[in-house]
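The values are calculated or read from the model by the stated rules, or taken from the named source; none is laboratory data. These numbers come from a predicted model, not from an experiment. Neighbour counts run over all protein chains shown; Cβ positions are idealised from the backbone, glycine included. Heavy atoms of the whole protein, side chains included, go into the accessibility calculation; ligands, DNA and RNA do not. Shrake-Rupley method; radii C 1.70, N 1.55, O 1.52, S 1.80 Å.
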Amino acid sequence: MKMIKERGADMSRRDAADPRTSMWDFIGYYLRFLRTSRGLTGAEAGHAARCSAATISRIETGEQRMSEQQAERLDVAWRTGGLFATLIYYARRASNPDWFKSFVRQEQDADRIRIFAGQHVPGLLQTPEYARALLEAGRTKDKEGALRQRMARQEILQRADPPDIWVILAQSALSWPVGGHAVLAAQLSRLVELSSLPNVSIRVVPPTAGAYEGLDGPFMILGGRDGEVAFVEAPSAGRLVTDADEVKDFVTRFDRIGMTALPIDATLNLIKRTLEDMQ
């Protein structure tokens, strides 16, 4: 990568976001355009937005999304007439054709991950055979490519500093025969193995919980150095939620679902009993 010197500080010049990819990348592209047009450094732009120069760089390259607060501060400081706030308004309502790339990037950078998976084991904990069965059932066109992507995501579990992962799923996921008897048994064994890791906790919601908030569907909350975002899963797409109030609602929902779930030890014993009954 080329290095340039900007007012006494070495700065790494990364490629700007492609404004044709998504509204969020358009915001990043236009942020760089307006900043450089004014002859400002990343640090000076960060001062106006009340964030670091590194955050400005990540927004400009599409690695991070601009927040509403940052947009409002830049609009005032640069007298844009509310440009950034308006762009964010439309970005939040537009579909993101590059949603999966954005999601994976956030997942890889996370240091804490909350997952409510509902009716099946979540991707980060799946065995290859279990994942393949789900992909085949969903009629994914490039099954092997999708499988490689899913398994690659699990590399964060092997990091020197792996994220804390808190998982809640419905008890029915432990007995639903995804891929058949042998595939499910291997998947349950994998859950037992993962449960021994100090950074992974798995809990299940028993049928006795009755109606609970998790019945609305699966979601994830990814936390990192720049705060938290939520991810809402859908069959053919997904949505990253960056609004602080909306993310807070997902955190609250996760906590409420957790109130209906079995404790960690009881969950592990249940998984082991289910596995034994399959022998």
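Quick look at the values:
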quantity	calculated
Estimated vicinal HN-Hα couplings, Hz - region 267-279 in sequence order (Karplus 6.51, -1.76, 1.60; Gly, Pro = x)	5, 4, 5, 5, 4, 5, 5, 4, 5, 4, 5, 7, 6
Rounded percent of accessible protein surface that carbon and sulfur make up, the chain, 1.4 Å probe	51 percent
Gyration tensor (alpha-carbon) shape descriptor, region 140-232, a/c threshold 1.5	rounded
Table column - 3J(HN,Hα) (Hz), region 50-64, Karplus curve with 6.51, -1.76, 1.60, x for Gly and Pro	6, 8, 7, 4, 5, 5, 4, 4, 5, 5, 5, 9, x, 7, 9
Estimated translational D of the chain in µm²/s (Stokes, Kirkwood radius over Cα pairs; 37 °C; 0.692 mPa s)	159 µm²/s
Amide H contacts of A261 (H built 1.01 Å from N, under 5 Å, at least 5 apart or other chain)	none
Residues with amide H under 5 Å from that of V241, placed H, sequence gap 5 or more	A230, F231, V232
Charge tally in the Cβ shell below 13 Å around L34, where Lys, Arg are +1 and Asp, Glu are -1, L34 excluded	+1
Accessible area in square angstrom per residue, the chain, 1.4 angstrom probe	54 Å²
Sequence-distant residues sharing a close amide H with D164 (under 5 Å, placed H)	R112, I113
